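Here you go, one structure.
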Amino acid sequence: MSTEILQSILLGAVQGVTEFFPVSSTAHLVLIPWALGWHGITDSMSFDIALHVGTLLALLLCFYKDWLDILLKKHKLLMLLVVATIPAAVAGKLLDKFVEETLRTPLVIAVSLIAGGVVMLYVERIGTKVKAIKDMDIYDCIIVGIAQAIAIIPGVSRSGITISAGLMLNITREEAARFSFIMSTPVVGGAALLHGVKLLHGKGTDFDLNVFLCGIAASFVVGLIAIKLLMVFFKKYSLVVFAYYRFVLAGVIVSLLWLKQ
């Protein structure tokens, strides 16, 4: 087994956990190769997106009943999801290149981790946590959608900021997490499609199909487990532990930056 395949499996497992845990998958996928000195196809945004395909499949498997209900029964939630998806779709289309070339740095990630952690602690204090998804209106979806668009910044965490937005709107943790995961499905799918087209047209990085497939498989399996664990976790526990983890990780990043100087 080649070194790159082992790296791919490890990063796929990391993606499976951190895509859903509110600690930023992109932060970990950028930081691990940086800290360990890995270079090559596993240290690229195209590989990052490939791993998101695995977690996308995990989302579809876990929430396929929700999607069937939304699509077949023409549930009002479909319109709300469309509204919530627009900001992230626009941000991804306009800022994708800028983010890849400019913001995927350890310092940006450290700042984003701290900012996101502060937001989590704040919303845990102010949110009443009484609303369900069925109680959401267009205003709520616009707010959560804007939060998801902000998650294009490495280190923010899509799940972290959208769940935080849900708590700010007084939605329960479990329902906020469910809406966050369902809402992320078309955005992650769209991003994977966009980068897949770039790869096919030679605008992305060179890649080894076996390496990518191993990473996708790892992120899929671990992602399934992570979703199940989180949906149980949020029935009883808060975001506080994740906020403090973000602070610790930011401290580690700053320390490594200082040591590498």
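The values are calculated or read from the model by the stated rules, or taken from the named source; none is laboratory data. Because the structure is a prediction, the values reported are computed rather than measured. As a convention, Cβ positions derive from the backbone with ideal geometry for all residues, glycine included, and neighbour counts pool all protein chains shown. Side chains are part of the model used for accessible areas, which takes the heavy atoms of the whole protein and leaves out ligands, DNA and RNA. Shrake-Rupley method; radii C 1.70, N 1.55, O 1.52, S 1.80 Å.
Could you tell me whether any residue of the range 1-13 is surrounded by 23 or more Cβ atoms within 10 Å (Cβ to Cβ) and not hydroxyl-bearing (Ser, Thr, Tyr)? Spell out the reasoning first.
Our first condition is that a residue be surrounded by 23 or more Cβ atoms within 10 Å (Cβ to Cβ); within the range 1-13, this holds for 8, 11-12.
Next, only the ones that are not hydroxyl-bearing (Ser, Thr, Tyr) stay: 11-12.
Yes, there is a match, as at least one residue in the range 1-13 is surrounded by 23 or more Cβ atoms within 10 Å (Cβ to Cβ) and not hydroxyl-bearing (Ser, Thr, Tyr).
I'd like to know if the range 131-149 contains one or more residues that are at pLDDT 90 or above, of a type in the set (S, T, N, Q) and in a helix (DSSP H, G or I).
Checked against the condition, which is being at pLDDT 90 or above, of a type in the set (S, T, N, Q) and in a helix (DSSP H, G or I), the range 131-149 yields at least one hit.
Count, please, the residues in the range 56-69 that happen to be out of contact with any Phe, Trp or Tyr (no Cβ under 7 Å at 6 or more places or on another chain) and touching a residue at least 24 places away in the same chain (Cβ under 8 Å).
Keep residues of the range 56-69 that are out of contact with any Phe, Trp or Tyr (no Cβ under 7 Å at 6 or more places or on another chain), which gives 56, 60-62, 64-69.
Checking which are touching a residue at least 24 places away in the same chain (Cβ under 8 Å) leaves us with 56, 60-62, 66-67.
Number satisfying all stated conditions: 6.
Considering only the range 44-57, I want to know if a residue exists there that is touching a Ser or Thr at 6+ places or on another chain (Cβ under 6 Å) and modelled with pLDDT of 90 or more.
Step one: of the range 44-57, the residues touching a Ser or Thr at 6+ places or on another chain (Cβ under 6 Å) are 44, 46, 51, 54-55.
Then keep just the ones that are modelled with pLDDT of 90 or more; that gives 54-55.
The answer is yes; a qualifying residue exists.
Which residue out of Phe242, Phe220 is within 28 Å of Val83 (Cβ to Cβ), modelled with pLDDT of 95 or more, in contact with a helix residue (DSSP H, G or I) (Cβ under 9 Å, 6 or more places away or on another chain) and assigned to a helix (DSSP H, G or I)? Working first, answer last.
On the way: Phe220 fails: within 28 Å of Val83 (Cβ to Cβ).
The match here is Phe242.
Turning to a different aspect of this structure: From the list Glu124, Glu100, which one is of a type in the set (D, E, K, R), open to solvent by 50 Å² or more (accessible area, probe 1.4 Å), assigned to a helix (DSSP H, G or I) and touching a residue at least 24 places away in the same chain (Cβ under 8 Å)? Let's see the steps before the verdict.
Values: Glu124 fails: open to solvent by 50 Å² or more (accessible area, probe 1.4 Å).
Within the list Glu124, Glu100, the selection yields Glu100.
Quick check: anything in the range 108-115 open to solvent by less than 50 Å² (accessible area, probe 1.4 Å), touching a helix residue (DSSP H, G or I) at 6+ places or on another chain (Cβ under 6 Å) and among the polar types (S, T, N, Q)?
The answer is no; no qualifying residue exists.
A further question on this structure: Got at least one residue in the range 74-82 being closer than 20 Å to Gly160 by Cβ and at pLDDT below 90? Spell out how you get there, then give the answer.
Of the range 74-82, the ones closer than 20 Å to Gly160 by Cβ are 81.
Next, from what is left, pick out any that are at pLDDT below 90: none.
The answer is no, given that none of the residues of the range 74-82 is closer than 20 Å to Gly160 by Cβ and at pLDDT below 90.
Among (1) over 18 Å from Ile109 (Cα atoms); (2) open to solvent by less than 60 Å² (accessible area, probe 1.4 Å), which single condition is Ala147 missing?
(1)
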